[in-house]
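*Asks:* Below is the structure I would like to discuss, written out as structure tokens.
The values are calculated or read from the model by the stated rules, or taken from the named source; none is laboratory data. Because the structure is predicted, anything quoted here is derived from the model rather than measured. Here Cβ is always computed from backbone atoms with ideal geometry, including for glycine, and neighbour counts include all displayed protein chains.
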Amino acid sequence: MVGGFQNIFKIPELKKRVLYTFALLMVYRIGCAVPTPGIDGDALASFFARAKGTLLGMFDMFSGGALERLSVFALGIMPYISASIILQLLTVVVPHLERLSKEGEAGRKKITQYTRYGTVFLSIIQGFGIAVGLERMSVPGAATIVAYPGWSFRLITVITLTAGTAFIMWLGEQITERGIGNGISLIIFAGIVARMPSAVSNTFRLMKTGEIGVFLVLLLLVVMVAVVGFIIFVERGQRRIPVQYAKRIVGRKMYGGQSTHLPLKINTSGVIPPIFASSIIMFPATIASFVTVPWVQSAAQAMTPDSIIYNLIYVGFIIFFCFFYTAVTFNPVDVADNMKKYGGYIPGIRPGKRTADYIDRVLTRITFGGALYVSAVCVLPTLLISRFNVPFYFGGTALLIVVGVAIDTVSQMESHMLARHYEGFMKKGGAFKGRR
């Protein structure tokens, strides 16, 4: 693997892409430290210290701590992700968007344009909501978070946060086009990984004070390596349905007659289900942080992440959204029709409806297994923190994103090296290919 990383700098184009990606990610991290005008930083930090486990805490994780400091990148890339998901769901129900999705590159460009407009629209709404919310927030023992509230502060905040999100969106598109990997995913990856040094230093500090034993730290390292290996194993896993194409003659040429397969990923929905589930469950806790009514506070306490009720509801939502998102993004009827159109069939299964039913049955089974896998990874941080007093957050949506983005980026880098006859990261090759 060391030789594989050395080969990166032997390919001028790949070297340029990697350095370009690092440069833009550095720009993003610098922007996360530039504060929005008119904010008392100390009071805001005190508020977020009490907001952990709420929707604001999750958004702060995806923004790499930018929301906690209310920097110009405080909204992060979440408005873009929300707009993309909304457009993807509307593609199924809006005929115009469905036609665009089937028009190839021109249709995809149009949908991308709609996504950009949606990102700006959501950023304006979220920016205004944050501005109004900050004006109403107060921290015990401190003054208000906003020094000079009013429409001037709201307008500046909306313009600043919207411009920051638009700039992040532009950075992500530039990384995707001129760098290596998916730019939007790498920006989220950078925001999550940026918190690792503080977690490591905090762990060593607790070891020196004797609050955590050396044996527990070694055990945690073993568990972390095992969990990451398990995630890589499952994320690369596929259920390959064999497909045979019949021979057909067009003019003087013969086409078809080949055997291939239809790959179905175990985790088809990716990280969307835990994000949706966390957002829905954390919403009451976020509302409760602004409301001082006793029964609201007691209900919010019952929905803390370390409670059994919270985890049961969390797992239930994850399983539901795994099936829902898979049903939205993967249509077995369309797959079966396309196979029949080009002379393909599954051995032993009649083309058409029988094929669609067979694919749907297989997809349902592996989706259930994938939902249990995602649920286990997402419940892991709660178990480690509540039962073993782990001083950092390990697992959940953040770990799924980090491992998934790392795998995809390394796969792209390996493709560049193998295309130019260089050795990849693994000598035998195929290390990052799909597994049966």
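*Asks:* Within segment 160-208, take every residue that is of a type in the set (V, I, T) and either loosely packed, with under 13 Cβ neighbours inside 10 Å or outside any helix (DSSP H, G or I) (or both) and give me the one that is modelled with the lowest pLDDT.
*Replies:* That would be V200.
*Asks:* Is it true that L171 is assigned by TED's automatic domain parsing to the domain that holds E98, touching a Phe, Trp or Tyr at 6+ places or on another chain (Cβ under 9 Å) and more than 17 Å from I39 (Cα to Cα)?
*Replies:* Here the answer is yes, as L171 does meet what is asked.
*Asks:* Also, I was wondering about something else. With (1) at pLDDT 90 or above; (2) surrounded by fewer than 17 Cβ atoms within 10 Å (Cβ to Cβ) as the list, and P37 as the residue in question, which single condition is left unmet?
*Replies:* The number of the failed condition is (1).
*Asks:* Among what's in segment 291-322 and is among the hydroxyl-bearing types (S, T, Y) and buried (at least 18 other Cβ atoms within 10 Å of the Cβ), pick the residue that is modelled with the lowest pLDDT.
*Replies:* Within segment 291-322, the match that is modelled with the lowest pLDDT is Y310.
*Asks:* Residues being outside any helix (DSSP H, G or I), surrounded by fewer than 24 Cβ atoms within 10 Å (Cβ to Cβ) and touching a helix residue (DSSP H, G or I) at 6+ places or on another chain (Cβ under 6 Å): count how many of those fall in segment 71-98.
*Replies:* Number of matching residues: 1.
*Asks:* I'd like to know if segment 226-237 contains one or more residues that are out of contact with any strand residue (DSSP E or B) (no Cβ under 7 Å at 6 or more places or on another chain), modelled with pLDDT of 85 or more and more than 16 Å from G404 (Cβ to Cβ).
*Replies:* There is at least one residue in segment 226-237 that is out of contact with any strand residue (DSSP E or B) (no Cβ under 7 Å at 6 or more places or on another chain), modelled with pLDDT of 85 or more and more than 16 Å from G404 (Cβ to Cβ).
*Asks:* State which residue is nearest to L262 (Cα to Cα) when the search covers only segment 341-356 and only residues that are free of Cβ contacts under 8 Å to residues at least 24 places away in the same chain and assigned to a helix (DSSP H, G or I).
*Replies:* Within segment 341-356, the match that is nearest to L262 (Cα to Cα) is T355.
*Asks:* Something else now. For segment 343-351, check the following and say yes or no: at least one residue is touching a Lys or Arg at 6+ places or on another chain (Cβ under 9 Å), over 30 Å from S201 (Cβ atoms) and modelled with pLDDT of 90 or more.
*Replies:* no
*Asks:* Just one of A406, A336, A376 is buried (at least 20 other Cβ atoms within 10 Å of the Cβ), out of contact with any Phe, Trp or Tyr (no Cβ under 6 Å at 6 or more places or on another chain) and either not assigned by TED's automatic domain parsing to the domain that holds G270 or not aromatic (F, W, Y) (or both); which is it?
*Replies:* A336
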